[in-house]
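These notes are about the structure you will find just below.
Just so you know, all these numbers are worked out from the coordinates, no wet-lab data involved. All of these numbers come straight from a predicted model, not from anything done at the bench. No Cβ is skipped: glycine too gets one built from the backbone with ideal geometry, and neighbour counts run over all protein chains shown.
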Amino acid sequence: MLHFVRAQAQMLIRSPQLFATLLVIPFYSLVFFHFLKSHHHGGLATTTAITAFLMGAWSHAVFVASQTVDDDRAQGTLSLSLLTPSRYLLALAMRTLLTASLALPVLGEMFLVGRWVFGLPIRVDRPGLTLLVAALVTAGVAATALLMSGLMILVRAARSLQNALTYPFYLLGGLILPVATLPGPLRWIARGFFLSWGAQLLRDAAAGPVPDLGVRLTVLCVLVGLQAAVGLWAVRRVLSFVRTGRVVLHD
Amino acid sequence: MAIVEVQELGRVFTPRRGAEVTALDGVTFSIGEGEVLGLLGPNGAGKTTLSRILTTLLLPTCGTARIGGHDVVRQSKEVRRLIGLVLGGDRGLYGRLTARQNLLYWGALQGLGGRTARQRTDEMLERFGLGARADDRVELFSRGMVQRVHLARALLSRPPLLIMDEPTNGMDPHAGAGFRQLVHDLKEAGCTVVLTTHDMQEAQDVCTRIALIDHGRILHMGAAGELLARIGAPRTIRAEGVCAEAAARIAELPGTVEVTEQGSLTARLDGAEAQSAALAVLVQAQATEIAVAPPGLTELYRTVITDREFAL
């Protein structure tokens, strides 16, 4: 497993464009925090930082981490990898997780910019729990990226759908509006979505004591696990289509 | 003992629109251990489809194929342990990784332990003369070097069967010669090789048997010498300074004749009688540099495979 992570890390280091999220979000944060400060809403700084991190992590997964399989196809390595499908799936999961985790430092960047550049009252009451939940959310978005990467092999036009896979999910994740304000059916969908649980837990962990922590962490773990299972199943299924000739790799 | 056994193997592709395409049509053959089988045929003949089925990358629509006694459909895991695949061209490696990193990654994919993978990687890098460039990125390599990394990758797991799909595509003559030596060495070591190529000289040099494939069927199969004797491909007559009148008289003989504006003639004529008649015309017309070459695989190929004039 370490070989897969190491190989992906070496590829990432030599692909600076993949670090775009890390570089761009701090610039956005300048705008966000400037607004907060000018309108005397400093109390919302922590929530803003968390939301920006979650949006960054999601978009990084959808636009960057999901490209892993498609990159393999473009390089002609996918066909050869299918000679070891089980280990390739493991390699793919590890590589996607590593790429998705590039968004993790964004959380720290946001806190630092808010506190040191703007002097806003950003505080995290339970840093350990915050880090754990951020890691779980990262695993969830990596699993989403896996699902997306399967879709990108199956449907050539999937790339043009990528944009459509951001804002609707920010809504479902409770990043733009509180989940409670969503219309009935959407509220139910949001309650089965790991991002909404992760977002609320992160906000609560920053604010102070977290009610029902055990139950909520368990639910988040289960939802992330389910997302991972669906992602892996989708990629495995798409790769099996390649063997039947239903999907052509053109490599 | 046969390491590859193929029985009535077929593959039909059904596109979403348009007619079905039969890529393989009831192919039957076997390959013994230590043999080098050359698959020759035009583009779209079914060679790559056959290679992909043998490597478990594609399912057949009918028939069976067994590698080392294991069925490629039902026992794909066992089959994959026995095969190495080499694809031609620049692609198939991670350009941003070094040769060593690529090999270590593929070693891990093949389930080799860390120490074994490192040991074999060093071994392969030395064997293929890549030691000095082992830590350079593959995207900086020449095509010949990329091909050597491909070969090293395929041999990492020491497979008894190597399937190579146009491995010398784009190699320079020295690299090609090195490749031929490698195939000889592999054969000596008991490795079985299935080689898809468009290079007739290469096939003649390294293959113990040749299969001529077209329209998804094996048209002829056997040792090169045996096929040449059986099919009776024509000798090639070449001459310089051939006048238009002499060229026209030779063109009337049965066979194919090509003449350039400068008077260079290449004729492949059917039967000894036509060949003698052509030689007589050339001598009479005082043509120069008259040469008669015995048929090789190129002539055999051109006799058996229909000329599609650039059509696929």
Pairing a residue in the stretch B:54-80 that is more than 14 Å from A:ARG243 (Cα to Cα) with any residue that is part of a helix (DSSP H, G or I) and of a type in the set (A, V, I, L, M, F, W, C), where Cβ atoms lie under 7 Å and the two sit 6 or more apart in sequence or on different chains, gives B:ALA65/B:ILE53; B:ALA65/B:LEU54; B:ILE67/B:LEU54; B:ILE67/B:VAL79; B:ILE67/B:LEU82; B:GLY68/B:LEU82; B:HIS70/B:VAL79
Among the residues that make up the stretch A:55-76, is at least one of them among the polar types (S, T, N, Q), in contact with a Gly (Cβ under 6 Å, 6 or more places away or on another chain) and buried (at least 18 other Cβ atoms within 10 Å of the Cβ)? no
Let me spell it out: the conditions are (1) of a type in the set (Val, Ile, Thr); (2) part of a strand (DSSP E or B); (3) free of Cβ contacts under 8 Å to residues at least 60 places away in the same chain, and B:VAL242 meets all of them except one. Which number is the exception? (2)
How many of the residues in the stretch B:68-122 are over 26 Å from the mean Cα position of the chain (by Cα), facing another protein chain (nearest Cβ under 7 Å) and assigned to a helix (DSSP H, G or I)? 5
Name the residues in the stretch B:9-31 that are of a type outside the set (A, V, I, L, M, F, W, C) and in contact with a Ser or Thr (Cβ under 6 Å, 6 or more places away or on another chain), would you? B:GLY10, B:ARG11, B:GLU20
Helices (runs of 4 or more DSSP H) completely within the stretch A:18-118 that count 3 or more residues being more than 14 Å from every other protein chain (Cβ to nearest Cβ), of a type outside the set (Phe, Trp, Tyr) and on the phi < 0 side of the Ramachandran plot: A:20-38, A:45-63, A:85-100, A:105-112
For the stretch A:217-233, how many residues meet the condition of being surrounded by fewer than 19 Cβ atoms within 10 Å (Cβ to Cβ) and among the aliphatic types (A, V, I, L, M)? 7
Please enumerate the residues belonging to the stretch B:15-53 that are free of Cβ contacts under 8 Å to residues at least 12 places away in the same chain and not acidic (Asp, Glu). B:PRO15, B:ARG16, B:ARG17, B:GLY18, B:ALA19, B:VAL21, B:ARG52
Consider B:LEU227 carefully, then state whether it is within 30 Å of B:VAL12 (Cβ to Cβ), in a helix (DSSP H, G or I) and touching a residue at least 24 places away in the same chain (Cβ under 8 Å). yes
